[in-house]
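To start, the structure itself, in structure tokens.
The values are calculated or read from the model by the stated rules, or taken from the named source; none is laboratory data. Since we're looking at a predicted model, the values are computed, not measured. Backbone-built Cβ (ideal geometry, glycine too); neighbour counts: all protein chains shown. The accessibility values were calculated without ligands, DNA or RNA, using every heavy atom of the protein model including side chains. Shrake-Rupley method; radii C 1.70, N 1.55, O 1.52, S 1.80 Å.
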Amino acid sequence: MTRAIIIGAPRSGSGKTSVTIGILRALARRGLKVRGAKSGPDYIDPGFHTAATGLSGVNLDSWAMPPALLNALAGEATEDADFIFLESAMGLFDGIPAASGRSGSAADLARLYGLPVLLVLDVSGQSTTAAAVAKGFATYDPDVRMAGVVLNRLGSERHRRLCGDAIEALGLPVVGAILRDPSLNLPERHLGLVQAGEYENLMAHLDRLADMVERSLDLDAIMALAAPFTPAPGNFGDALPPPGQRIALAEDAAFTFLYPHVAMHWRKAGAEIVPFSPLADEAPGDDCDVCWLPGGYPELHAGRLAAANFRAGMARFGATRPVHGECGGFMVLGEALEDASGETHRMLGLLGHSTSFAKRKMNLGYREARLRSECPLGSQGTLIRGHEFHYAQMVATGNDEPLADLADGQGNPLGASGYRRGNVSGTFFHAIARGESMIPKSSSRFSE
């Protein structure tokens, strides 16, 4: 039977990702079948989980995924794993105001599946006060059980005793104590960690994290804290269906953000994914019937993204077959992209908008979209749940038709979103699943 535990923290930056990756890699080196999971809509951490274990990571999102899909994905994750370590996004209880169990927080998953929590505390700048933080977590929600604590960024053995003794006096076991070591930090950029695929020496770094975990954590005690993980039966009825039989997928350093569960379901439904690299001036294959440009970092590679073969091939493909772009892919479909230095680069021009990364403004949050017309995301009227996280801004809108009516995670209307011209469509938001609306059907809160 698969056992699981949630790795949570009070906030982002507490070190839970390094702890999670280190545990995964250390146990995989022991020959155990371990899988990483991530609460919420994070793209990047599942890549590290996959690299550390050899088993595909998975997102489990209580807001964006209807319960049946959430259970189906959770159940599938248990099929070939001895242990699952489910990493929280942000703080353990952080989500949005929503119906019970649908906030998007990792705490929702702890309640739903009865999973204990391993709490990672960054104790730099404090000592016995760490016990007050741990007690708050232990008592905040009686349905979310703290099973143990890992102390992170300790300064000395004395620091460890002051923090650890105070926490253990509460009855919470301290199962790890990690000294400060900046060399173990994973590098970051504006959308989070630098991606796993960009490391030249990725496995060496993962092994350093595993070495740290083996020195600093009681892995046997942590495995003993994990609980049986037995999700209720579910189904994939609300998964995003494959947009075609042969899907040309842009895949390189500029286009990387495709959720593992989306690609997995497309393949499971019988579709074939055919990668191509715009940065290598490749075009989508003529034997494909749809092209998908996922998000990523086009702003870092803008000067290379209007090369002749890619540009001509995309125009030729889009003249007769559907093309869809998400976030970074949407930016590349437009007329122009201004990079961080202020230099403007010509893009594909298949849609009329232009974007700028020089004029940065963070856009972040869950999104609910009602499609105005058919596109690779679904038919007209389909409701899509997803997420938006970007710093680029629209600096010119063009004259294309709006693709969808957008609302935030609480159903507050945000107006029209994305564009469509002929076979070509795109949006800033990333689709996660089809979903049931938070808004009554009789409501007119979506704009017409």
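For the reader, a short list of remarks on this structure follows.
- Proximal aspartates and glutamates relative to LYS38, as straight alpha-carbon distance under 14 Å, when same-chain residues fewer than 8 apart are discounted: ASP61, GLU87, ASP94, ASP108
- Whether region 357-415 is rounded, prolate or oblate, judged on the alpha carbon gyration tensor where a/c under 1.5 counts as rounded: oblate
- Qualifying GluC sites (Glu not before Pro) in region 64-95, where qualification requires a DSSP coil assignment and no more than 10 other C-beta atoms within 10 Å, comprise GLU79.
- Base-10 log of normalised Debye intensity for the chain (one unit scatterer per alpha-carbon) at q = 0.06, 0.10, 0.12 Å⁻¹: -0.26, -0.73, -1.02
- Taking 0.36 nm per residue of separation and subtracting the Cα-Cα distance, full extension of the segment from ARG346 to ARG246 would add 33.2 nm.
- Using the Karplus relation 6.51 cos²θ - 1.76 cosθ + 1.60 with θ = phi - 60°, the per-residue 3J(HN,Hα) values for region 383-394 come to 9, 10, 9, x, 8, 10, 8, 7, 9, 5, 10, 7 Hz, with x marking Gly and Pro.
- Nearest 10 degrees, 0 to 90: helix 129-140 Cα axis against the chain principal axis: 70 degrees
- Peptides 10-18, 123-131 ordered by average Cβ neighbours within 10 Å, highest first: 10-18, 123-131
- Rolling a 1.4 Å probe across all protein chains gives ASP207 an accessible area of roughly 40 Å².
- For region 316-448, carbon and sulfur atoms together expose 46% of the accessible surface, with a 1.4 angstrom probe and every protein chain in place.
- Based on Cα contacts under 8 Å between residues 6+ apart, the chain shows a relative contact order of 14 percent.
- Calculated FRET efficiency for the pair ALA68/ASP207, C-beta based, R₀ 45 Å, to 0.05: 0.70
- Under 5 Å between amide hydrogens, built in the peptide plane, is the criterion, and for CYS327 it picks out THR427, PHE428, PHE429 among residues at least 5 positions away or on other chains.
- Distance between the pseudo-spin-label points of ARG360 and ALA227 (7 Å out from Cα toward the beta carbon): 4.1 nm.
- Cα-based helix-to-principal-axis angle, 202-216 vs the chain, degrees rounded to 10: 20 degrees
- On the beta carbon distance between ARG215 and GLU272, with R0 = 41 Å, the FRET formula returns roughly 0.35.
- Most positive-pole-ward Cα, LEU371, PHE389, VAL19, against dipole of the chain from beta carbon charges: VAL19
- Shape of region 52-106, Cα gyration tensor, a/c cut at 1.5: oblate
- Helix axis angle, 67-77 relative to the chain longest principal axis, alpha carbon, degrees: 70 degrees
- Accessible surface ranking that places the most exposed of ARG321, ARG346 first, with a 1.4 angstrom probe: ARG346, ARG321
- Length available on full extension from ASP165 to LEU32: 0.36 nm per residue minus the Cα-Cα distance, which gives 44.7 nm.
- Area accessible to solvent at PHE389, 1.4 Å probe radius, in Å²: 50 Å²
- Straight-distance crosslink candidates among aspartates and glutamates, where the alpha carbon sits under 16 Å from LYS268 and sequence neighbours closer than 8 are dropped: GLU76, GLU79, ASP238
- Å² per residue, accessible surface of region 209-278 at 1.4 Å: 39 Å²
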